[in-house]
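The values are calculated or read from the model by the stated rules, or taken from the named source; none is laboratory data. These figures come from a predicted structure and were not determined experimentally. Backbone-built Cβ (ideal geometry, glycine too); neighbour counts: all protein chains shown.
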Amino acid sequence: MTTSNGLLLIDKPQGITSHDVVARVRLELGERRVGHAGTLDPMATGLLVLAVGPSTRLLRFAQSESKRYIGTVTFGVATDSLDADGQVLERRAVPRRSDVEVNDVARAMLGPQHQTPPMVSAIKVGGRRLHALAREGVEVERAPRAITITAFSLRATDAPEVWEFDVTCSVGTYVRVLLSDLAVRLGTVGHLSSLRRLASGDHDVADALTLLAFKSALERGEEVLKSPRLFVNGLEHVTLNADEERRVRVGQHLELHQPFEADEIAAISEDSTLIGVLRRRGEKWKPEVVLNSDDGPESR
């Protein structure tokens, strides 16, 4: 049987919002506490990382993960949203470029940089979503964000103005802004015409369920949630003995003798289940997140 706590990977279809997916999962599982790690626009498909039940307290660890996307960019046409859902603002000729030339420009865009979020986005300024202001014709200043582009490559298609891309980037990156900037560097304009998220951190869309497969698995009584421990795979971890586990569960600080580089570590029980997350407090470690012993599937 399924439990109401853990990690859920969904392959989001085109045409619905990330919140729509969350709403369906809540309904199917009968669990109000469901959240996702990174919004996908309605036009986008692919990996949506969800936390269910008490695991929502671990969601921030998945939200900070790097992402990998593939899709297409259409050069020569600019839209107000920088993607295919927007209204056309401008058409411009597309200079002929070879794969080598385009990828040379893409490679020049690798590394740490600052990116200004688009007006058509969910960021709040003065308590209001930017996309709501944009619909009213209002444009406001947006603070640039620090991002990192780790990998970025393109490949020509049979249509001269359409190119396929593959990009790996840090959290907070707007791929449509990246592609618009690329188009400008190539002497034209452009917009994101399709997008699919392949990976988020160690999580891959190949391991995700479609909404139909998710519902079918539930009807068959299959377990659809993965261990909460997968949320903290990127953390250093410590195995606690029974007495240390008891102390953590009642909120006591621990003195650990192992050296740790980070200020947060995962606490694992002797039977390999996730107890929670500890945060450094001087010479000791404070329980930051503690899961109940019956909070979900075990990780062996």
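Summary of computed values
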read-out: Matching entry among Gln63, Gln87, Gln115 (being in contact with an Asp or Glu (Cβ under 9 Å, 6 or more places away or on another chain), closer than 22 Å to Ile149 by Cβ and either assigned by TED's automatic domain parsing to the domain that holds Ala44 or modelled with pLDDT under 95 (or both)); value: Gln115
read-out: Scope region 226-235; condition among the hydrophobic types (A, V, I, L, M, F, W, C) and within 15 Å of Asp204 (Cα to Cα); matching residues; value: Leu230, Phe231
read-out: Residue within region 186-203 that is part of a helix (DSSP H, G or I), at pLDDT 95 or above and either outside the structural domain of Pro112 (by TED's automatic domain parsing) or surrounded by fewer than 18 Cβ atoms within 10 Å (Cβ to Cβ) (or both) present; value: no
read-out: Given (1) farther than 30 Å from Val290 by Cα; (2) surrounded by fewer than 21 Cβ atoms within 10 Å (Cβ to Cβ); (3) in contact (Cβ under 8 Å) with a residue 60 or more places away in the chain, number of the condition Thr79 does not satisfy; value: (2)
read-out: From the options Thr17, Thr45, residue that is of a type in the set (Val, Ile, Thr) and crowded, with 17+ Cβ neighbours inside 10 Å; value: Thr45
read-out: Only listed residue being out of contact with any Pro (no Cβ under 9 Å at 6 or more places or on another chain), in a loop (DSSP other than H, G, I, E, B) and either among the aromatic types (Phe, Trp, Tyr) or not assigned by TED's automatic domain parsing to the domain that holds Ile149 (or both), chosen from Glu244, Glu222; value: Glu222
read-out: Residue satisfying all of: in region 37-53; at pLDDT 95 or above and not small (Gly, Ala, Ser); farthest from Val22 (Cα to Cα) among these; value: Thr45
read-out: Region 8-30 residues that are more than 14 Å from Leu212 (Cβ to Cβ), paired with ones that are in a helix (DSSP H, G or I) (beta carbon under 7 Å, 6 or more apart); value: Leu8/Val25; Leu9/Asp207
read-out: Of all residues in region 53-81 being of a type in the set (Gly, Ala, Ser) and outside any strand (DSSP E or B), the one that is farthest from Thr173 (Cα to Cα); value: Gly53
read-out: Failed condition for Leu40, given (1) surrounded by fewer than 20 Cβ atoms within 10 Å (Cβ to Cβ); (2) assigned to a loop (DSSP other than H, G, I, E, B); (3) not assigned by TED's automatic domain parsing to the domain that holds Val189; value: (1)
read-out: Leading residue by the ranking (farthest from Leu154 (Cα to Cα)) among those in region 102-115 that are of a type outside the set (A, V, I, L, M, F, W, C) and touching a residue at least 40 places away in the same chain (Cβ under 8 Å); value: Gln115
read-out: So Glu31, is it within 23 Å of Ala267 (Cα to Cα) and charged (D, E, K, R); value: no
read-out: Failed item, numbered, when Glu261 is tested on (1) more than 30 Å from Ser98 (Cβ to Cβ); (2) in a helix (DSSP H, G or I); (3) not hydrophobic (A, V, I, L, M, F, W, C); value: (2)
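Per-residue answers, yes or no, for (1) aromatic (Phe, Trp, Tyr); (2) in contact with a strand residue (DSSP E or B) (Cβ under 9 Å, 6 or more places away or on another chain); (3) under 17 Å from Phe61 (Cα atoms):
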site	(1), (2), (3)
Lys226	no, yes, yes
Asn233	no, yes, yes
Asp243	no, no, no
Gln252	no, yes, no
Pro259	no, no, no
